[in-house]
Amino acid sequence: MASFDQPQEDTITTPLKSASWSYAEAYVAEDDVLAAARSRAEEVGVAPIGSGGGAALRFLASVLDARAVVEIGTGTGVSGLWLLRGMRSDGVLTTVDIEAEHQRLARQSFTEAGIPSQRARTISGAALDVLPRLTDGHYDLVFCDGDKTEYSAYLKEALRLLRPGGVVAFDNALWHDRVADPAQRDEETVAIRELGRQVAEHDDLVSVLLPVGDGLLVAKKEWNPEA
Ligand SMILES: C[S@@+](CC[C@H](N)C(=O)[O-])C[C@H]1O[C@@H](n2cnc3c(N)ncnc32)[C@H](O)[C@@H]1O
């Protein structure tokens, strides 16, 4: 008997999937401030999160009623804008980037969006030098989008920084379709694949790999009194 919940096999065509993917990416529209942040990213050669991933970040920050968020990889502020717009109106984004110039451009994006300066704490430096200085168990959400080869190290830091029930998210979890292809063995692909394995097998994490943009891996830190 035919199921009315599933589309017929012959209606699932590649062009339809491609159109649906584009439709989903554009479902939550971006405004002029985000467009300006994106063009600054292009000028300095930074790849910002896509609009679908950005909308997912805003959703997560909103669902968590996030008061404190850490971002690794500020860029020119595209993901930061999405996060700040989902957080509580008094929430503070702590965002880390190794390039001070990128952070200058991100601050410009935040100012254009009318975000009070005290809501965005920009820290310039290498993530693995800065993160150990942040407070244990204080954060609702950690978003990772820095050096892909350091993703496993970011996971370790995130588990320390998050409160129980907090969420860690990694952009580029599908890394240009390379992660799913076992023939791809470059350093970044291998690192992201290894991160995916660690997250999936972690006893204290409930995870989902969202196929938005270039892939957003999301995991909730469960309460574990023995951890
Ligand atoms: C993909 S971009 C971030 C884009 C940003 N999240 C967005 O969506 O708008 C990566 C950023 O990470 C920064 N970065 C690279 N390696 C880093 C490291 N080890 N520590 C901190 N930041 C790093 C780069 O300077 C760059 O701005």
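Bear in mind these aren't lab numbers, they're just calculated from the coordinates by the rules spelled out. What you are looking at is a predicted structure, and each value in this text was computed from that prediction instead of being measured. All Cβ positions, glycine included, derive from the backbone under ideal geometry; neighbour counts span all protein chains shown.
The table below gives the values:
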read-out	value
Selection within the range 197-227 - hydrophobic (A, V, I, L, M, F, W, C) and within 15 Å of G166 (Cα to Cα)	V199, L205, V206, V208, L217, V218, A219, W223, A227
Candidate set: the range 178-208, residues that are in contact with a helix residue (DSSP H, G or I) (Cβ under 7 Å, 6 or more places away or on another chain) and in a strand (DSSP E or B); chosen: the one nearest to P48 (Cα to Cα)	S207
Meets criteria (closer than 17 Å to G146 by Cα and either outside any helix (DSSP H, G or I) or out of contact with any Leu (no Cβ under 6 Å at 6 or more places or on another chain) (or both)) for D214	yes
Positions within the range 165-177 being outside any loop (DSSP other than H, G, I, E, B) and at positive phi, in sequence order	G165
In the range 114-157, the residues that are under 26 Å from A35 (Cα atoms), more than 13 Å from the ligand (Cβ to nearest atom) and assigned to a loop (DSSP other than H, G, I, E, B)	G114, I115, P116
